[in-house]
Every structure is written in structure tokens, then in C-alpha cells.
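Colleague: Quick one: the structure is below, and I'll ask about it shortly.
The values are calculated or read from the model by the stated rules, or taken from the named source; none is laboratory data. Just so it is clear, the structure is predicted and the values come from calculations on it, not from any experiment. Because the Cβ atoms are built from the backbone with ideal geometry, glycine has one as well, and the counts that use them run over all protein chains shown. Side chains are part of the model used for accessible areas, which takes the heavy atoms of the whole protein and leaves out ligands, DNA and RNA. Shrake-Rupley method; radii C 1.70, N 1.55, O 1.52, S 1.80 Å.
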Amino acid sequence: MYLPSDYDDAGRLKVPMLFWAVLVLQARTWVLFVIAGASREQGSTLLALFYPDRDAFWPGLCVGLPAALAFLLSGRRHQWPRLWKAWRGVLVATQLWLILWQALLWWQGEAVTGMTLALLIADLYALWWLLTSPRLRACFHGETL
């Protein structure tokens, strides 16, 4: 079903590259936080550009926490197979929450911009992919060579 190059040295199926992109999408506030911290002088300006309402920053960090933990857990998935298997559901729930949160913000009167619309489309695609990718499902269920 999969090529030998799709497996790592331990015989575990490698996580697809799109998985890492989905994690970055979910942890986008964390990525912005790290970039703002790295650019000391422009850090607060950068945060103000993406988060003019400072109250939205902290929930963004909370929502990105499961993705940040998935980055760490992915390298140790053989040590905690039950946790790793369950983590796909956590990521799906997080993705669904991101979509609902954006819809709620729009319903409360936040302006619909090109950026927020693009993020919503990316979030919808990420949710669809998390739910339907057979290779990702096989990675979370511990398929080995």
C-alpha cells in the first residue's frame, strides 16, 4: 500500500508533510508569538497588526496548545501509542473550534477581511483533510512495516 520510503528507520509510517502545515495553521498564534519575540523592536507592532484586540491573543495561544503538543508528541508516538491515537481526535476538535470561533467573531461584528476569509478556507480544508486522509489515519493507528 505504501512505499518503503514512506516508513522511518524504526518501521513506522512517516507523518505526511501536510500534517506539519496543519499543525502550524492551528498553532499560528504560537508561531506569531515566537516571531514577535525574535524581532525585539518590532514585536509589539507585529502583535498589534495581527491581534489589534489583545483579548483574542490569549485564547489563540490556548487553541494552539494541542498543535504545539502534537509537535512534541509526534517524535515520541511509539512511547505513548494510546495518547498518540487519541490525539487525532483532539486535533480535529481543535480545528472545528477554530472554525466556530471565527464564525462567532464574524457574528459579533468583526470585519470579514481577505486574511480572515483565507484563514477560514484553510481551516475548512485542514478539517476535511484531518478527517479523510487515509495515510494520516494509518499514522495515528500505528501502522508499521
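Colleague: Look through the stretch 98-133, keep the residues that are in contact (Cβ under 8 Å) with a residue 60 or more places away in the chain and open to solvent by less than 30 Å² (accessible area, probe 1.4 Å), and return whichever of them is nearest to Val22 (Cα to Cα).
Modeller: Ala126
Colleague: Looking at Leu25, Leu3, Leu46, which one is hydrophobic (A, V, I, L, M, F, W, C) and in contact with a Ser or Thr (Cβ under 9 Å, 6 or more places away or on another chain)? Don't jump to the end; show me each part of the working.
Modeller: Working: Leu25 fails: in contact with a Ser or Thr (Cβ under 9 Å, 6 or more places away or on another chain); Leu3 fails: in contact with a Ser or Thr (Cβ under 9 Å, 6 or more places away or on another chain).
Selected residue: Leu46, the only one of Leu25, Leu3, Leu46 that is hydrophobic (A, V, I, L, M, F, W, C) and in contact with a Ser or Thr (Cβ under 9 Å, 6 or more places away or on another chain).
Colleague: Sticking with this one: Scan the stretch 113-127 and tell me whether some residue there is assigned to a helix (DSSP H, G or I), of a type outside the set (Asp, Glu) and touching a Phe, Trp or Tyr at 6+ places or on another chain (Cβ under 6 Å). Quick ask: steps written out before the conclusion?
Modeller: Filtering the stretch 113-127 down to residues assigned to a helix (DSSP H, G or I) leaves 114-127.
Then drop every residue that is not of a type outside the set (Asp, Glu), which leaves 114-122, 124-127.
Add one more test, that the residue is touching a Phe, Trp or Tyr at 6+ places or on another chain (Cβ under 6 Å), and what stays is none.
Scanning the stretch 113-127, I find no residue that is assigned to a helix (DSSP H, G or I), of a type outside the set (Asp, Glu) and touching a Phe, Trp or Tyr at 6+ places or on another chain (Cβ under 6 Å), so the answer is no.
Colleague: Enumerate the pairs (first residue in the stretch 32-51 and under 20 Å from Glu110 (Cβ atoms); second residue anywhere and open to solvent by 80 Å² or more (accessible area, probe 1.4 Å) and assigned to a helix (DSSP H, G or I)) with beta-carbon separation below 6 Å, excluding pairs fewer than 6 apart on the same chain, so at least 6 apart or on different chains.
Modeller: Matching pairs, first to second residue: Leu32/Phe50.
Colleague: Of Leu18, Leu65, Leu98, Leu49, which residue is out of contact with any helix residue (DSSP H, G or I) (no Cβ under 7 Å at 6 or more places or on another chain) and closer than 30 Å to His141 by Cβ? Outline the logic, then answer.
Modeller: Numbers: Leu18 fails: out of contact with any helix residue (DSSP H, G or I) (no Cβ under 7 Å at 6 or more places or on another chain); Leu98 fails: out of contact with any helix residue (DSSP H, G or I) (no Cβ under 7 Å at 6 or more places or on another chain); Leu49 fails: closer than 30 Å to His141 by Cβ.
Exactly one residue qualifies, and that residue is Leu65.
Colleague: If you take just the helices (runs of 4 or more DSSP H) that sit entirely in the stretch 1-97, which of them hold at least 2 residues that are open to solvent by 40 Å² or more (accessible area, probe 1.4 Å), among the β-branched types (Val, Ile, Thr) and at negative phi? Walk me through it before giving the result.
Modeller: On the way: elements: 17-26, 28-38, 43-50, 57-74.
Answer list for the stretch 1-97: 28-38.
Colleague: Another question, then. Filter the stretch 10-35 for residues that are aliphatic (A, V, I, L, M) and more than 19 Å from the chain's Cα centre (by Cα) and give the result. Spell out how you get there, then give the answer.
Modeller: Within the stretch 10-35, the subset aliphatic (A, V, I, L, M) is 10, 13, 15, 17-18, 21-25, 27, 31-32, 34-35.
Residues satisfying the conditions are Ala10, Leu13.
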